Amino acid sequence: MTTDKNSIKVGDLLVDSDQIYKVYSVEHDGKEEDGKNRKLLNYRPLSRDGKHDSLTCSIPEVNMFKAGLRRPLTKEQIELFMGELQKKTDDSLGIDYKLVKEVLFLNDPLKTAPLLKQLWGNKGKGDVYSRTDEELLESILHHLVAEIAMVLNISEEKALQKIEKSGKKH
């Protein structure tokens, strides 16, 4: 369970492997966990266009990490991620598609960075690059761009440029 100083509050943001959410209420559900009242987090998708405003989700705070939810990256973590993108990779290695789903479900950009670099590497090799690779690349970038733009308070276009610039340095 998270400590009180790290506890989720109303207005905090949560991220899963595909969406950013905003906590709109925190309540105690009457059950106890480790001698404390268990918190139930109520959250909804954060969208700039107002879509999905009626969708709501709930989860006990203690189950948040098991469900693949995490707090957004910090500015320091974004710099680490950009640094990972700049590291040299072995372009001769192929993508293990059996592991891709697991890596994405981990919802850890630092673990996603090598996959992103491999996809970029394959993009230059027409015979190796498939439609699945393109869709995977777009999906990963869409999620990362939205989160980085939100944290750095920049446009999604600038966030994409920042990611691509870092990735092109390897």
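The values are calculated or read from the model by the stated rules, or taken from the named source; none is laboratory data. Since the structure is predicted, the reported quantities are computational estimates derived from the model, not experimental observations. Cβ coordinates were reconstructed from backbone atoms using ideal geometry, including for glycine residues, and neighbour counts include every protein chain displayed.
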| message | Of everything in the stretch 68-106, what is closer than 29 Å to Lys9 by Cα, of a type outside the set (A, V, I, L, M), in a helix (DSSP H, G or I) and touching a helix residue (DSSP H, G or I) at 6+ places or on another chain (Cβ under 8 Å)? Give them in sequence order. | response | Lys75, Gln77, Phe81
| Restricting the stretch 107-131 to residues that are over 15 Å from Leu85 (Cβ atoms) and either touching a Ser or Thr at 6+ places or on another chain (Cβ under 7 Å) or part of a helix (DSSP H, G or I) (or both), which is modelled with the lowest pLDDT? | Asn122
| Identify, please: which residue in the stretch 65-79 is surrounded by 14 or more Cβ atoms within 10 Å (Cβ to Cβ) and at pLDDT 90 or above and is, among those, farthest from Lys36 (Cα to Cα)? | Ile78
| request: Consider only pairs whose beta carbons are under 7 Å apart and that are at least six residues apart or on different chains; among these, list those whose first residue lies in the stretch 140-157 and is closer than 17 Å to Arg71 by Cβ and in contact (Cβ under 8 Å) with a residue 60 or more places away in the chain and whose second residue is small (Gly, Ala, Ser) and part of a helix (DSSP H, G or I). | output: Ile148/Ala159; Leu152/Ala159
